[in-house]
Amino acid sequence: MCGILYIAQREPRIDRDAAAAALALQQWRGPDATSLLTLADGRVHLGHNRLAIIDPLARANQPMRSADGRYVVVFNGEIYNHRELRARHSLSTRTTCDTEVLLEGYALKGEAFFEELEGMYAFVIHDTATGGWVAARDPLGIKPLHLARFGGTVCLASEPRVVAQLGGCGIDAQSVQEWRLIRRPAPGHSFFAGVQELLPGTLVRHDGSQRRFWQLRQRNDRFEQHAFEALLQQVVADHEMSDVSNVALLSGGIDSALITALSGVPRTYSIGLDSCNELAPAAETAAALGRELVPVTITQTQLHEQWRGLARLRGEPLSLPNEGLIHAVCQAMQPDEKVVLTGEGADELMFGYDGLYRWALAQPQEPGGLDVRAFLARYGYRDTAPTPRLLDQMLTTAEGLRPIDAVEDFFYQVHLPGLLRRMDFASMAASKEARVPFADRRLVEYAYRLPAAAKLDGTHSKLPLRQQLQRLGLTGPLQRPKIGFSAQASPTAGRHAEYRVFQDLILEALSWS
């Protein structure tokens with residue numbers, strides 16, 4: 001898990017010092033090593049902030065050159081099948097890291113190699129022979145990647161504020177309005193005018209052309225519990241690939257309990273406000289699994305200070321109030337505990353937002369039948385009108401789809417990337433790599449567009465996860481109401497009131513209000 005920076009320009013207007021200053025803005029993404037490579041008489045800069053996880057030796061630092069010297073890569077993330085790819089294509093490597101597999105695989109097969117990757121990633125590969133480049137982002141948007149073009153220059157970076165500083169980009173008022181409603185800018189946009197978000201599963205080239213190398217599509221029409229369980233077990237095992245110590249986040253709920261149960265992590269962490277938490281249920285789950293639990297509590301005042309400090313570090317609004325909790329619990333982990341397994345993605349995979357899914361199922365299932373404004377009124381976190389571009393995006397996405405299918409797509413394309421951005425930032429700011437097994441393209445490909453009855457009934461959602469926990473004898477999480485790492489001072493506090501306090505404080509901390 002790292003931070004990347006790439007600058008290509010017709011004339012060397014951004015010099016090495018300016019590139020280094022921009023790279024320093026995201027040094028918190030990779031405190032183990034920071035490197036900047038300048039090529040083409042100052043017209044190209046490749047920068048990298050490394051959090052060393054796989055092959056943590058200096059030989060695996062980036063930017064990294066291919067064996068023949070032609071290609072240079074800056075890469076953020078993990079490729080979980082890198083050993084399999086190394087063997088499949090008989091790749092000769094000097095390290096044991098996944099970065100070199102990506103680089104040599106591209107040198108061998110070109111862009112087609114990206115379709116073989118299993119993992120979370122964002123990267124840029126520069127071709128020293130032609131001066132061209134290609135960049136790509138993982139299928140579900142686990143790792144961030146932003147870009148801007150201005151005056152013959154293109155900049156790409158993990159953090160949008162880095163690109164914004166280099167391009168002199170101001171705040172995008174529409175994005176702030178969208179954030180008030182859906183907790184993030186509309187897909188493809190950032191909080192800064194002219195700074196784009198590369199969409200998940202997309203690659204972009206130096207000439208501005210783009211291609212989707214992965215997209216949501218139905219691959220199964222029947223659900224089989226044993227097949228799903230075997231796939232989930234394999235995915236969790238893949239996500240444990242590490243040369244450092246692994247731990248897990250554990251609440252009192254279903255998702256984190258199942259990930260912990262299927263993993264080999266010896267230690268788990270849980271957090272909550274001193275006035276509202278589920279540390280006791282988490283301890284019960286940990287005891288049932290024979291794992292150590294480290295409980296962490298913070299006060300409301302401490303949480304507010306977390307919000308202020310994190311917003312200033314990130315240079316843009318936070319996504320969710322519990323971002324402060326995630327950061328605080330990651331800070332409590334041991335220095336060598338760098339990999340953190342989490343339960344993110346289960347709600348999208350298995351219709352966990354059952355109120356909204358049941359509402360969608362109650363609508364007439366006619367193609368194009370989703371009332372987008374009514375959906376946003378139910379989903380939204382503030383009483384704010386959608387921007388025209390957000391409304392247009394949603395209408396376009398819902399066109400020709402049944403309401404339940406349009407809502408499923410919304411949660412994958414809009415909601416989940418926002419949550420993943422929250423998890424990425426909050427963990428990285430504490431020098432930890434969060435891994436999200438449920439947000440794995442193999443699981444999504446298995447579960448996407450399955451009949452709703454396979455995922456929820458009149459009482460419960462996430463039926464396959466419940467059945468698997470039942471089979472494992474872990475019944476405690478099945479019987480409790482969900483709280484999670486809640487930032488609400490009281491379980492009865494209203495969501496809109498909570499977000500008003502949170503968002504107003506964030507804007508004040510950034511001096512954006």
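Could you pull out every one of the strands (runs of 3 or more DSSP E) wholly within region 4-105 that has 2 or more residues that are over 22 Å from the mean Cα position of the chain (by Cα) and over 23 Å from Arg161 (Cα atoms)? If you could, list the steps in order and put the result at the bottom.
On the way: elements: 33-39, 44-50, 71-79.
In region 4-105, the matching strands (runs of 3 or more DSSP E) lie at 71-79.
Among the charged types (D, E, K, R) and closer than 22 Å to Trp359 by Cα - does that describe any residue in region 443-453? Working first, answer last.
Here is the first cut: in region 443-453, the residues among the charged types (D, E, K, R) are 445, 449.
Of the ones still in play, those that are also closer than 22 Å to Trp359 by Cα are 449.
Checked region 443-453: at least one residue is among the charged types (D, E, K, R) and closer than 22 Å to Trp359 by Cα.
Each row is one residue, and each column tells you yes or no for (1) part of a strand (DSSP E or B); (2) over 21 Å from the mean Cα position of the chain (by Cα); (3) among the β-branched types (Val, Ile, Thr).
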| site | (1), (2), (3) |
| --- | --- |
| Pro187 | no, no, no |
| Phe228 | no, yes, no |
| Val235 | no, no, yes |
| Ser251 | no, no, no |
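Residues that are under 20 Å from Gln413 (Cβ atoms) and either surrounded by fewer than 22 Cβ atoms within 10 Å (Cβ to Cβ) or among the β-branched types (Val, Ile, Thr) (or both): does region 320-336 have at least one? Yes: one or more hits. When both residues are 6+ apart or on different chains and their Cβ atoms are under 7 Å apart, which pairs have a first residue that lies in region 314-333 and is farther than 26 Å from Ala157 by Cβ, and a second that is among the aromatic types (Phe, Trp, Tyr) and open to solvent by 10 Å² or more (accessible area, probe 1.4 Å)? Pairs found: Leu325/Phe485. Residues in region 364-377 that are under 22 Å from Ser319 (Cα atoms) and open to solvent by 50 Å² or more (accessible area, probe 1.4 Å): Arg373, Ala377. Taken over region 378-410, the criterion of being open to solvent by less than 20 Å² (accessible area, probe 1.4 Å) and touching a Gly at 6+ places or on another chain (Cβ under 9 Å) is satisfied by Ala398, Pro403, Ala406. Name the residues in region 298-319 that are farther than 30 Å from Asp172 by Cβ and crowded, with 16+ Cβ neighbours inside 10 Å, would you? Scanning region 298-319 gives a single hit, Ile298. Given the structure, is Gln174 modelled with pLDDT of 95 or more, in contact with a Ser or Thr (Cβ under 7 Å, 6 or more places away or on another chain) and either outside any loop (DSSP other than H, G, I, E, B) or of a type in the set (A, V, I, L, M, F, W, C) (or both)? Here the answer is yes, as Gln174 does meet what is asked. Is at least one residue of region 201-218 under 30 Å from Cys276 (Cα atoms) and basic (Lys, Arg)? Looking through region 201-218, none of the residues is under 30 Å from Cys276 (Cα atoms) and basic (Lys, Arg). Looking across region 49-81, the residues that are farther than 22 Å from Val154 by Cα and open to solvent by 30 Å² or more (accessible area, probe 1.4 Å) come down to Pro56, Leu57, Ala58, Arg59, Asn61, Ala67, Asp68. The condition (being closer than 19 Å to Leu147 by Cα, surrounded by 22 or more Cβ atoms within 10 Å (Cβ to Cβ) and of a type outside the set (Val, Ile, Thr)) is satisfied by just one residue among Leu46, Leu36: Leu46.
The condition of being under 22 Å from Arg217 (Cβ atoms) and either under 24 Å from the mean Cα position of the chain (by Cα) or of a type in the set (Gly, Ala, Ser) (or both) holds for only one of Asp405, Asp354, that being Asp405.
Matching residues to (1) out of contact with any helix residue (DSSP H, G or I) (no Cβ under 7 Å at 6 or more places or on another chain); (2) open to solvent by less than 10 Å² (accessible area, probe 1.4 Å); (3) not acidic (Asp, Glu):
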{"residue": "Cys97", "(1), (2), (3)": "no, yes, yes"}
{"residue": "Leu103", "(1), (2), (3)": "yes, yes, yes"}
{"residue": "Thr128", "(1), (2), (3)": "yes, no, yes"}
{"residue": "Ala135", "(1), (2), (3)": "yes, yes, yes"}
{"residue": "Gly151", "(1), (2), (3)": "yes, no, yes"}
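Return the residue satisfying two criteria in turn: it lies in region 105-118 and is of a type in the set (Gly, Ala, Ser) and in contact with a Lys or Arg (Cβ under 9 Å, 6 or more places away or on another chain), and of such residues it is surrounded by the fewest Cβ atoms within 10 Å (Cβ to Cβ). Result: Ala107.
Could you pull out every one of the helices (runs of 4 or more DSSP H) wholly within region 256-364 that has 2 or more residues that are within 28 Å of Ala453 (Cβ to Cβ)?
In region 256-364, 346-349, 354-362 are the helices (runs of 4 or more DSSP H) which contain 2 or more residues that are within 28 Å of Ala453 (Cβ to Cβ).
The values are calculated or read from the model by the stated rules, or taken from the named source; none is laboratory data. This structure is a prediction, so every number in the text was calculated from the model and none was measured. In this analysis, Cβ positions are derived from the backbone assuming ideal geometry, glycine residues included, and neighbour counts consider all displayed protein chains. Please note that ligands, DNA and RNA were not included when accessible areas were found on the heavy atoms of the full protein model with its side chains. Shrake-Rupley method; radii C 1.70, N 1.55, O 1.52, S 1.80 Å.
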